[in-house]
Structure formats: structure tokens, C-alpha cells
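To start, the structure itself, in C-alpha cells.
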Amino acid sequence: MSLTQLDDYSRLLMAISENDVPHLQQVIKIAMDNGASIHEVVNKLEDAIEVYCLGGRQLLYALNHKLGIPSIHTLRARSTFTTITPTLGPICNEQLDKNIHSNVLSTRTGIMSLCGVSFMIDEMALEEMAVHFGKYNMIGGLCWKHSNIVDPVLHTYKSAVRIAHKIHNREVHLGKEVTVIGVACFGKDKLYPVLAAPTCKTEDAADMEGILTHAIERWSVTGAATSVGPVWSFATDGDATRHAAGHRLFIKHPLSMDSPLFTILSDMPGLNTLTGDNEVTLDFDFKHIFKCICTLIRSPANMTLNNGRIINAIMLSWYLLWLPAHDEASITKLLHPDDPQDVPCAIELMQAIITFSQIQHDSIDNSFSTGVDIHADLAEIKLLIQYTSHYAHLSFSVFHFPCRAFMPYQLYYDTQTMMKNIIFCNCKQQVLDPHEKFFVGDSGILDRLGAAKDIDSMFKWHPELDPGHCRLKMGTHHKNVDHINHEMWRGDIVSGRCDLPLAWQMGRDASYLPKHPKGLCLSLLTP
């Protein structure tokens, strides 16, 4: 018997010995009747797991009957899936606590080292309909903000009628989207969903402040802050309500002189050091930033530099035609996309501009030269921080003089806030453990929550099945890149190997700013 056959038998015996698997005899009989080997039987069980991860219960049910792969009952007996306790009614402690315990704390048993944590909030599409959750005998799908005026429990038939009348009279609403909060650990490719609450999109900034504060409080109360790690940042996109709430919560307290961060960050003039409670900082989704910048340079409003030069679609269409990989049709598609929210198109446009500057750097005038070494290797953490500082100071200089002709203030604020958060989180990593790596890609929001953990695991088993996520590819035509992850990075990003004040100063010096330009003593965030 070959080693491969022994391995197949071992896998099957392990599945039988560790689990009382329903219908296992039927599964094996069907496979054997079809002439399947032990290897094929085991693979059939694994295929069922993959189908469930990708297509859910309905696809698995259909293929179970059509192809004879294992059912959901078989999978639940031998596999563990990520589940989220839904919000049935107002957002309360019980839902957050259950999700933190089941999705975070229970999965990290035996892990002793602490890591920084980033909370991330976004909204996902939701079918507008009421749903009966048999496990709780409650109606779900109602907006969390107004569901306090109705009892979602189905005590009697009249309970269902009462809920229907409330929905019909618009006293309570069906959720248009679902507000999702996830937790990511710095330095780890992990994502933990902790909240899924239907929303009718009528929340104001005060409501959103309550949600963000509530989530962070439960993280501490459940003991996650001491067993997993402290909250370092809270990331969102450009949504106006979350934007206002984030500003009020996380840019309000001056950094205390007693803070271990103060010695380092106080030596970085111009850095805004206002934080929220427990030094939590605000962060923004980098894809949101990319889209906004590309929308600006495509628009009639254009981007005006402090030397009077204008960057707009007309100017870009002329210069980008010089690139061998592009023609008039492809340039028109980049500058006038069908979907302005198309992230790959935005990144491809930015890549085209960068490629043009690299090719033409030595052959055209200096109107495209910013003093940046375009051939620099950004793999090292000190260079990443240096260029973060370079952008922060250079954009301050350009924005400060022809005020707001460079970009809208909100976009300037978002980019500066993102740069600030990178500096703060790297400093926090140095304080927590300077020997650990700091991955810049951990900053910003992720738009895959809930079952994404299971789908990612499935694609790790079989990467050849991953078609890639077109809306997340990072500036290349390679479909296998769905987001910047730790495995892609090969450089030295150990946090303690970066002298933050020195890298900050080098970035400022490369921007050709005076030592103490007007306004710099206050904050780059408020030019």
C-alpha cells in the first residue's frame, strides 16, 4: 500500500473516530457505487465544505441532491463555521458579547502574545424583508433604530399582525442595508465579525457615535482588550454620518505627557496628536481615498498645484497616450469610466500616471518631478514612514497656499488622517513589542466580513479556484490579488527598526518645506 493510500485511510478514519457523522454510511455507499476510491470519498467530503462556504445552504442542498455530496448535517458534525449572532431589535450588550466570545475569544485559546486591534465599520447590501429566526422565535430584518417600539417575539398570531401593521405604518422599517463591525488584529490575517445590525439609513452622527462607543466598550468588558489586545484605531469610509461621528470620538483629547507614545510623537512637529479615549485614532479606507483622488483629477474641478499647474482629464489624456500599453480607447475608459466607484479602474489610472512618470522622468521637463526617488524600494518600514511623512508635508504645502484649489478639504482631511494613523499605530507597535512587524496594509477598512473568513480559508486550501476580486486588485491585471496581505510583503517591516522622528524629518526635508512653515506648529491636519 502506498504512502498516499495510507494518508487517505488515516484522514477517513480520523473523520469517523472524532465525529458521529450522520449519513456517513450513505455518503460512502454512494461514492463506492460510483467507483470512487478512498481518496475520492475524502475529497467529496471536503468538496461539500467548499460548496457551503461559497454558496451557502441552498447551493449545498441542491448539489447534495444532484451530485450526492454530503449534506449540511454532515458538515456541521465535522466542521466549524463562523457565525454571527444577529441584531434582533436594538443593538444591545448580549449580541456584541456573544459575537466577541464566539468569533474572537474562543478561537484564540492558547495565544499569549497581545496585538493591536483595528475596529472597522461598513454597510453591506441587504434584501428588504422580514425573516423569522426559528432559534429565537423572533422576527429579524427590522431596523435597529426603531425596532424598540415593537416586540419581535412571535408569542401568538396577533404578534405577527402587530409587527406587520407597524411596518405598514412606517413606525418601524425593514433594513435597507446591514451595518457590520469587524475586528482585525495588526500583524495577523484575521478578521472577526462582532456586529450585524439592519439599518434604515436614518441614523445621525449621535447614533453612530453610540454604536462605535458601544462596540469598543464591550471589547473591554468581555476581556478581549487584555487577552487579545487594545483597540488602536477605528476605520471607516467616506460616509458623512460615520465621518462626523469618528471625528467627534477620536480627535478630541491631546496626547498625555504621561503616555509612552508622547516621547516619540512629540518630536514630530506638525503631527496632529489628538486622539479618542484610550488613544484610539481615526482611520479611513485606502480604497475610498483612491477613488476620491481619481474622481478629482477626472472632474472639471481638477487638481491645482501651488505652481499653478492643473491636473485634469484633458491634460492626462494627452500625456498618457505616450504609454506603449495604452491607446486612445483605453485612456478614455480610465478617465471616463462607466462606474466612477470602480476601484480597479481608479488604481489602474494611478498606476498609469506612475508608470508615465517613471518612463518619462529623464526626458521631459520637471513639471512631473516632485523630488521623490521613484526608484526607491518601499519594502523597508523606515522608507514607508518617510514617504508617509513626505506626502503629509507635500500635500500640506500645496493645499496651504492656493487654499482648496488642490483638493476639497474633506479629502485632504481624510488623507492626512490616514497618514497620521499609520504613524500612531507604528508607534504603538514599537511600545507594545518593537520586535514585531508593522504591516501598513493593516490600516484601513476591509469590506469582507462574516463568511469571508470561511471563504478565505477555502481559497487557501485551493488557491487555483480563486478568481480574484476585481474590485480589490491593487493596480495590476493579475486576478489573483484581492487585497494587500502579509504574505505578499517581503521587505523588512519590523517596527522597532524605524526611527520615527528621523523618518518624519526626512520626509519633511524632501518636501522642501521651511523648518517652521506657518501653521506647522499647529497641525498638518488643519492647514
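The values are calculated or read from the model by the stated rules, or taken from the named source; none is laboratory data. Computed from a predicted structure; not experimentally measured. Here Cβ is always computed from backbone atoms with ideal geometry, including for glycine, and neighbour counts include all displayed protein chains. Accessible surface areas use protein heavy atoms only, side chains included; no ligands, DNA or RNA. Shrake-Rupley method; radii C 1.70, N 1.55, O 1.52, S 1.80 Å.
Based on this model, can you work out whether Met112 counts as in a loop (DSSP other than H, G, I, E, B) and either at pLDDT below 85 or charged (D, E, K, R) (or both)?
Taking the combined requirement at face value, the residue satisfies it.
Could you tell me whether segment 205-227 includes any residue that is among the hydrophobic types (A, V, I, L, M, F, W, C), at pLDDT below 90 and either surrounded by fewer than 18 Cβ atoms within 10 Å (Cβ to Cβ) or in contact with an Asp or Glu (Cβ under 7 Å, 6 or more places away or on another chain) (or both)?
no
Pick out the one residue from Ser118, Ser106 that is within 23 Å of Thr236 (Cα to Cα) and at pLDDT 85 or above.
Ser118
Check whether at least one residue in segment 350-365 is at pLDDT 80 or above, under 28 Å from Phe234 (Cβ atoms) and among the small types (Gly, Ala, Ser), and report yes or no.
no
Does Thr241 count as at pLDDT 90 or above and under 21 Å from the mean Cα position of the chain (by Cα)?
Yes; evaluated as a whole, the condition is true for this residue.
On the given criteria, is Ala346 in contact with a His (Cβ under 7 Å, 6 or more places away or on another chain) and under 14 Å from Arg298 (Cβ atoms)?
Taking the combined requirement at face value, the residue does not satisfy it.
What residue, of Met124, Met129, is assigned to a loop (DSSP other than H, G, I, E, B), closer than 17 Å to Ala196 by Cα and modelled with pLDDT under 90?
Met129
Within segment 289-324, track down each residue that is under 14 Å from Ala346 (Cα atoms) and open to solvent by 40 Å² or more (accessible area, probe 1.4 Å).
Matches in segment 289-324: Phe290, Lys291, Cys292, Thr295.
Please tell me if Ala235 is among the hydrophobic types (A, V, I, L, M, F, W, C) and within 18 Å of the chain's Cα centre (by Cα).
yes
Is it the case that segment 168-179 has a residue that's open to solvent by 10 Å² or more (accessible area, probe 1.4 Å) and either farther than 16 Å from Cys143 by Cα or assigned to a helix (DSSP H, G or I) (or both)?
yes
Can you spot a residue in segment 150-166 that is within 30 Å of Cys425 (Cα to Cα) and in a strand (DSSP E or B)?
Checking segment 150-166: not a single residue is within 30 Å of Cys425 (Cα to Cα) and in a strand (DSSP E or B).
Being hydrophobic (A, V, I, L, M, F, W, C), surrounded by 14 or more Cβ atoms within 10 Å (Cβ to Cβ) and over 25 Å from His243 (Cα atoms) is the filter here; which residues of segment 101-130 pass it?
Within segment 101-130, Val104, Leu105, Leu114, Cys115, Ala130 meet the criteria.
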